[in-house]
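Here is the structure we will look at, set down as structure tokens.
The values are calculated or read from the model by the stated rules, or taken from the named source; none is laboratory data. Since the model is a prediction, treat every value here as computed from it, not as a measurement. Cβ: placed from backbone, ideal geometry, glycine included. Neighbour counts: every protein chain shown. Ligands, DNA and RNA are stripped out before the accessible areas are found, and what is left, the full protein with its side chains, is counted by its heavy atoms. Shrake-Rupley method; radii C 1.70, N 1.55, O 1.52, S 1.80 Å.
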Amino acid sequence: AWLCVPAVPVLFKQALENTGVEEGKSVSLRCELTKADATVVWKKGEATLQASAKYEMKQKGTVAELVIHNAEPEDA
């Protein structure tokens, strides 16, 4: 399961929702926090994700976003 984990005590205004995507396409996962520009750590299970050609992390104000490029079944 994918998690959007704030690194400081903030609350979610809007948590992640299940999103479907075709294999090979890009998908965007977003969560909204109660505090602007809070540090967010993205995890898949216990593994912390790092920015790469596959994973793109964005944050603007209270909205944190993870873009997964070239989605595969393993990304479920």
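Quick rundown of the values:
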| quantity | calculated |
| --- | --- |
| Residue selected from the stretch 14-34 under the condition modelled with pLDDT under 75, assigned to a loop (DSSP other than H, G, I, E, B) and not hydrophobic (A, V, I, L, M, F, W, C), by the criterion farthest from N70 (Cα to Cα) | E17 |
| Condition met for E74 (of a type in the set (D, E, K, R), exposed (fewer than 15 other Cβ atoms within 10 Å of the Cβ), modelled with pLDDT under 90 and in a loop (DSSP other than H, G, I, E, B)) | no |
| Number of positions in the stretch 44-64 that are open to solvent by 30 Å² or more (accessible area, probe 1.4 Å), at pLDDT 90 or above and either touching a Leu at 6+ places or on another chain (Cβ under 9 Å) or assigned to a strand (DSSP E or B) (or both) | 10 |
